[in-house]
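My structure is below; once you've seen it, I'll send some questions.
The values are calculated or read from the model by the stated rules, or taken from the named source; none is laboratory data. Here the structure is a predicted model, which is why all the values come from computation and not from measurement. Glycine gets a Cβ as well: all are built from the backbone with ideal geometry, and neighbour counts include every protein chain shown.
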Amino acid sequence: MSVLTNKQKREWAQTLYVNQGMEQKQIALKVGVSEKTVGTWKKDYKWEGLKAAVLTTKSEQLKMFYAQLNALNIDITSRDVGKRYANNSESDTIVKLTKSIRNLENEAGVAEIISVCTQVLDFIGAADQELAQTLSAFIDDFIKSKLK
């Protein structure tokens, strides 16, 4: 295998940090750079934001929104007969929750994109690690374009 460029090392380090939850020291040893370099990359390329996106998947967000909507509806229907309707604030919340649910259900989230891309790279990497590293540069650019 050929020697990795700094960009390839950074992309590999990012994958290890964001998707596999490795600590900076472990990443530095594995990738062959200093721990300080990993820290700089983490800050400059906003790895924490990427990690948060991976941890907060669309399905988890949808579950939370549905649970909130359900709790609100249960509260409304538990009221006395004749008072089982939403007030202005509750109606506004219902509209916002349903809009958020609809938006999430109709678009691919960054977390899902990262998840699928990681799975594809892992699959390819099992057969051809160099090809996976080459493709990771394109996938990294693709993911960054979705973050804008």
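On the given criteria, is ILE94 modelled with pLDDT of 85 or more, touching a Lys or Arg at 6+ places or on another chain (Cβ under 7 Å) and surrounded by 13 or more Cβ atoms within 10 Å (Cβ to Cβ)?
Numbers: modelled with pLDDT of 85 or more: yes; touching a Lys or Arg at 6+ places or on another chain (Cβ under 7 Å): no; surrounded by 13 or more Cβ atoms within 10 Å (Cβ to Cβ): yes.
So ILE94 does not fit the description; no.
Please work out which one of (1) of a type in the set (Val, Ile, Thr); (2) under 24 Å from THR134 (Cα atoms); (3) in contact (Cβ under 8 Å) with a residue 40 or more places away in the chain is the condition VAL38 fails and give its number.
Going through (1) of a type in the set (Val, Ile, Thr); (2) under 24 Å from THR134 (Cα atoms); (3) in contact (Cβ under 8 Å) with a residue 40 or more places away in the chain one by one, VAL38 breaks only (3).
Somewhere in segment 18-33, is a residue closer than 20 Å to GLU112 by Cβ and in a helix (DSSP H, G or I)?
First, pick out the residues of segment 18-33 that are closer than 20 Å to GLU112 by Cβ: 18-21.
From what is left, the residues that are in a helix (DSSP H, G or I) are 18.
Looking for residues that are closer than 20 Å to GLU112 by Cβ and in a helix (DSSP H, G or I), one finds at least one in segment 18-33, hence yes.
Same structure again: Can you tell me which residue among THR37, THR5 is more than 22 Å from GLY125 (Cα to Cα), among the polar types (S, T, N, Q) and out of contact with any strand residue (DSSP E or B) (no Cβ under 9 Å at 6 or more places or on another chain)? Explain how you work it out, then say what you get.
On the way: THR5 fails: more than 22 Å from GLY125 (Cα to Cα).
Exactly one residue qualifies, and that residue is THR37.
Also: Can you find, within segment 60-91, the residue that is surrounded by the most Cβ atoms within 10 Å (Cβ to Cβ) among those that are touching a residue at least 12 places away in the same chain (Cβ under 8 Å) and under 30 Å from LYS146 (Cα atoms)?
Filtering segment 60-91 for residues that are touching a residue at least 12 places away in the same chain (Cβ under 8 Å) and under 30 Å from LYS146 (Cα atoms), the one surrounded by the most Cβ atoms within 10 Å (Cβ to Cβ) comes out as PHE65.
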